[in-house]
Amino acid sequence: MKIIAFAGSPSKNSINKKLAAYASSLFENAQVEVLDLNDYEMPLFSVDKETVLGQHTLAKAFLDKIATADFLVVSLAENNGNYSAAFKNTIDWCSRINAKIFQEKPMLLMATSPGARGGASVLEIAKNNFPRFNAEIKAVFSLPSFNDNFDVERGKISNEELNNQLKEIIKNI
């Protein structure tokens, strides 16, 4: 099974990328590729820019990566209760090429944040919105208080209860 994992964050030290990479490592017999949203940085989408530039090659490349996956692991950053501008921009460019961005791929949808709500607002938005882009959301996981519950040095969830919860979710997918 090939897993494509990514964070909806352009941060070089994205906590969501760390969570996505860790969650992906829990799948047995999987080949994992972790994407960096910075590799798909495009100008701010507008119809005027699309008229001049056409379908952006980086949007095509992102969609091509999704196409290679058997399973997606996506962890979203929450900026002011919503997607990061960088992730939304990627969605905007990609949807002009293929409105079925997630191509009916099964998905583990996650979020984390330094706060106690663990990205709950962005998860709710994505749970309602992603199926419109042909995501097949199999499970949802939120990691609250990232700095208290994730060991960055070891690259894993340090809170045993939350770690077991994620492992159980993955086992049952």
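Of 114, 106, which residue is at pLDDT 95 or above, within 13 Å of the chain's Cα centre (by Cα) and not charged (D, E, K, R)? I'd like the intermediate steps shown before the answer.
Details: 114 fails: within 13 Å of the chain's Cα centre (by Cα).
Step by step, each of 114, 106 is checked, and only 106 is at pLDDT 95 or above, within 13 Å of the chain's Cα centre (by Cα) and not charged (D, E, K, R).
Matching residues to (1) touching a strand residue (DSSP E or B) at 6+ places or on another chain (Cβ under 7 Å); (2) among the aromatic types (Phe, Trp, Tyr); (3) closer than 25 Å to residue 167 by Cα:
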site	(1), (2), (3)
84	yes, no, no
87	yes, yes, no
108	yes, no, yes
118	yes, no, yes
122	yes, no, yes
139	yes, no, yes
143	yes, no, yes
152	no, no, yes
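Confirm whether residue 124 is part of a loop (DSSP other than H, G, I, E, B), modelled with pLDDT of 95 or more and acidic (Asp, Glu). Lay out the reasoning, then the answer.
Numbers: part of a loop (DSSP other than H, G, I, E, B): no; modelled with pLDDT of 95 or more: yes; acidic (Asp, Glu): yes.
Answer is no for this residue.
Considering region 75-102 alone, what residues qualify as being touching a Leu at 6+ places or on another chain (Cβ under 7 Å) and among the small types (Gly, Ala, Ser)?
75, 86
Could you tell me which residue of region 1-28 is surrounded by the fewest Cβ atoms within 10 Å (Cβ to Cβ), considering only residues that are under 12 Å from residue 155 (Cβ atoms) and hydroxyl-bearing (Ser, Thr, Tyr)? Let's see the steps before the verdict.
From region 1-28, those under 12 Å from residue 155 (Cβ atoms) are 15, 17-26; that's our starting set.
Going one step further and asking which of them are hydroxyl-bearing (Ser, Thr, Tyr), we end up with 22, 24-25.
On the way: 22: 22, 24: 23, 25: 16.
Among those residues, the one meeting the criterion is 25.
State yes or no: is residue 45 buried (at least 16 other Cβ atoms within 10 Å of the Cβ), more than 20 Å from residue 16 (Cα to Cα) and either of a type in the set (A, V, I, L, M) or in contact with a Phe, Trp or Tyr (Cβ under 6 Å, 6 or more places away or on another chain) (or both)? Can you show your working first?
On the way: buried (at least 16 other Cβ atoms within 10 Å of the Cβ): yes; more than 20 Å from residue 16 (Cα to Cα): yes; either of a type in the set (A, V, I, L, M) or in contact with a Phe, Trp or Tyr (Cβ under 6 Å, 6 or more places away or on another chain) (or both): yes.
Judged against the criteria, residue 45 is a match.
So, of the residues in region 70-85 that are among the hydrophobic types (A, V, I, L, M, F, W, C) and surrounded by fewer than 21 Cβ atoms within 10 Å (Cβ to Cβ), which turns out to be nearest to the chain's Cα centre (by Cα)? Even if it seems obvious, please write down each step before you answer.
Our first condition is that a residue be among the hydrophobic types (A, V, I, L, M, F, W, C); within region 70-85, this holds for 71-74, 76-77, 85.
Filter once more, keeping what is surrounded by fewer than 21 Cβ atoms within 10 Å (Cβ to Cβ): 71, 85.
Working: 71: 12, 85: 14 Å.
Per the stated criteria, the residue is 71.
Of all residues in region 129-172, which are surrounded by 13 or more Cβ atoms within 10 Å (Cβ to Cβ) and touching a residue at least 60 places away in the same chain (Cβ under 8 Å)?
135, 141, 143, 146, 150, 156, 157, 166, 167, 169, 170
How do the pairs read when you match residues in region 87-108 that are over 25 Å from residue 1 (Cα atoms) with residues anywhere that are of a type in the set (Phe, Trp, Tyr) and part of a loop (DSSP other than H, G, I, E, B), using Cβ under 6 Å and keeping only pairs 6 or more apart or on different chains?
Note: pairs meeting the criteria are 89/45; 92/45; 93/45.
Looking only at region 29-42, filter to residues that are within 22 Å of residue 95 (Cβ to Cβ) and either under 12 Å from the mean Cα position of the chain (by Cα) or among the polar types (S, T, N, Q) (or both); which one of those is surrounded by the fewest Cβ atoms within 10 Å (Cβ to Cβ)?
Once the filter is applied, the top-ranked residue is 38.
With respect to residue 117, is the statement that it is on the phi < 0 side of the Ramachandran plot, part of a loop (DSSP other than H, G, I, E, B) and touching a residue at least 24 places away in the same chain (Cβ under 8 Å) true?
Details: on the phi < 0 side of the Ramachandran plot: yes; part of a loop (DSSP other than H, G, I, E, B): yes; touching a residue at least 24 places away in the same chain (Cβ under 8 Å): yes.
The answer is yes for residue 117.
The values are calculated or read from the model by the stated rules, or taken from the named source; none is laboratory data. Quick caveat: nothing in here was measured; it's all calculated off a predicted structure. Note that each Cβ is placed from the backbone with ideal geometry, even for glycine, and that neighbours are counted across all protein chains shown.
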